[in-house]
1. So for Val151, Val451, fewest C-beta neighbours within 10 Å to most, what's the order?
2. By counting other Cβ atoms within 10 Å of each Cβ, how are Ser457, Ser82 ranked from fewest to most?
3. Return the subset of Lys403/Lys430; Lys255/Lys348; Lys136/Lys430; Lys60/Lys139; Lys212/Lys248 for which the Cα-Cα distance in this structure is over 30 Å, preserving the input order.
4. Which whole-number value in Å³ per residue fits the convex hull of the alpha carbons of segment 87-189?
5. Do any chymotrypsin sites (Phe, Trp or Tyr not before Pro) in segment 79-130 lie in a DSSP loop with no more than 14 other beta carbon atoms within 10 Å, and if so, which?
6. Would you please report the Å³ per residue occupied by the convex hull of the alpha carbon atoms in segment 366-480?
7. Using the Cα centre as the reference, give the magnitude of the dipole from point charges on the C-beta atoms of segment 366-480 (Lys, Arg: +1; Asp, Glu: -1; all else neutral), rounded to the nearest 20 debye.
8. Based on other C-beta atoms within 10 Å, arrange Leu234, Leu36, Leu165, Leu461 from fewest to most.
Amino acid sequence: MRAIFAILSLYVVVFCFSSCRQAAKMSPKPFSPSMLREQVFQIDPSMDTTIITAHGARVKIPSDAFAGGGKIAITIREAFTSAEILAAGLTTESNGRPLRSGGMIYINATAGGAMTTLVKPLGVSIPYSYYDSTMKLFKGVETDSGTVNWVEPDTLNPPPQDLQLGSVLYHSKCATCHSPDMRTGSTGPALAGVEQRWPRPQLYEWIRNNRKLIASGYPRAVEMSKYSPTAMDLFPLLDNESIDAIIKYINNQEKYPSLTPPQQPATASGKDSSSGGFTALCKDDTMYIKPSLAETSQFNNDIPTLPATPAPQNANTFSGEKELDDPEERKVAFTDGPTSGMYEFQIKTFGWYNIDAYMEGYAGTQPVKVWAQLQGTFDMDINVYLFCPDKQILSVSNGKDEKGYYFDKTNGGVPLFLRDRAILFAFGRKGEKIVYGVSEFSISLQQVISVLVKEASERELLDALQNKNINGIDLGLEKLEMRIVPGDCGGKALADTSGQ
């Protein structure tokens, strides 16, 4: 009887332990990595395998890469969007210096159910919408306060060869007359969106010998000949491949953060054009910004554990490599918006990794002073975050003075873009009690922002983070799409046709 009771007791303990673990897994905590979806892949370690994650990252695993035996379970979490970074509380700082993130990924593995280590490096590729040469790879180290400090910056693999070629050719042949941001005109017109304005065959002709194309009477060439009294140089030796590389470089550069954030464009008369129409200038192409759909990915969509058997050597895959997984089969939500390429690097240990660049010294930034004045009644420690969704920046306050919670990162402030969108977020927890406050503002050189702190249930805050909207403030990134409209010499207002 005593033996039966012992067995039943053991069963109850095991059941409760298992249930508690499941409950913990099903209850993510605000501002912790548990808010991010957990992706688990079962792989055969004897074969080369490539994992494709929910956000489209790739993890290339060579055969026999792990210490120990048994089947390997790979666990991955990703924070690629601004809202994910905030929800997971993943501050973008390296020893206090603010960073802007190009994507974060956590990779871990077990062998036969036990923790394992790597004996061969893994190749990791993270998608980007544009290549930023200032980005580096940072390793995440958890601090005593529970935040992640990004350290040991290392170089990434070189950019694609055609992007490197395009950069060399652009700076040697185009940069003298065209603006480096691609969005504004100088001696030559703005180059952003050149593919939308020219058919590719005529663009090749124009670049190689614009005079010949003008003489042929081609309308676009004739119009562009009126742009400036300075004639465009001829480049007869540039082949199509070289021109394609230049265009790829232009497309990449136009997506860089502007020196000043894009504002609603003015008409030729200087009036606001919010009505949807504007007068284009005859000598140049007019650019405007159109908000597109916000990101649609969620933080905790269920992603099943995936058994996987690498493909046989004669399968139609590279070197017998098996790709995991089929996004249609998994029904996962990918990051909204197109990607242009991949940042590539290798890892030799498990943990968090971040593609980052220092904000300090970045062109167009200025040291900004921000204070958060918290309003309300609360009896707990408060964390105050400065969140810039457009640049994927999340900084935590340094302390509190007579003006409020302040941010002193470099030169007495934080290097940010003026007029950029920013959000102050305050959060505190004591036992089961949670308080929070959120306030949105436009960045100036110095500001004191009032933040109303109120009590909320954990469920309310979790739902708000899942929906990426707190008190009517969108926590996701409102993507900006550049459209180019040919100049109209007649001064006629051009309608917004961006929806077509």
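Throughout, read-outs are computed from the coordinates displayed, never taken from laboratory work. Just so it is clear, the structure is predicted and the values come from calculations on it, not from any experiment. Cβ: placed from backbone, ideal geometry, glycine included. Neighbour counts: every protein chain shown.
1. Fewest to most other Cβ atoms nearby, the residues stand as Val151, Val451.
2. Values: Ser457 11, Ser82 25.
Fewest to most other Cβ atoms nearby, the residues stand as Ser457, Ser82.
3. Numbers: Lys403/Lys430 25 Å; Lys255/Lys348 32 Å; Lys136/Lys430 37 Å; Lys60/Lys139 18 Å; Lys212/Lys248 25 Å.
Check vs 30 Å cut-off fails for Lys255/Lys348; Lys136/Lys430.
4. Taking the convex hull of the Cα positions in segment 87-189, it is 178 Å³ per residue.
5. Passing sites in segment 79-130 do not exist.
6. Details: hull volume 11.5 nm³, N = 115.
Spread over its residues, the Cα hull of segment 366-480 gives 100 Å³ apiece.
7. Magnitude of the dipole: close to 240 debye.
8. Leu234, Leu165, Leu461, Leu36
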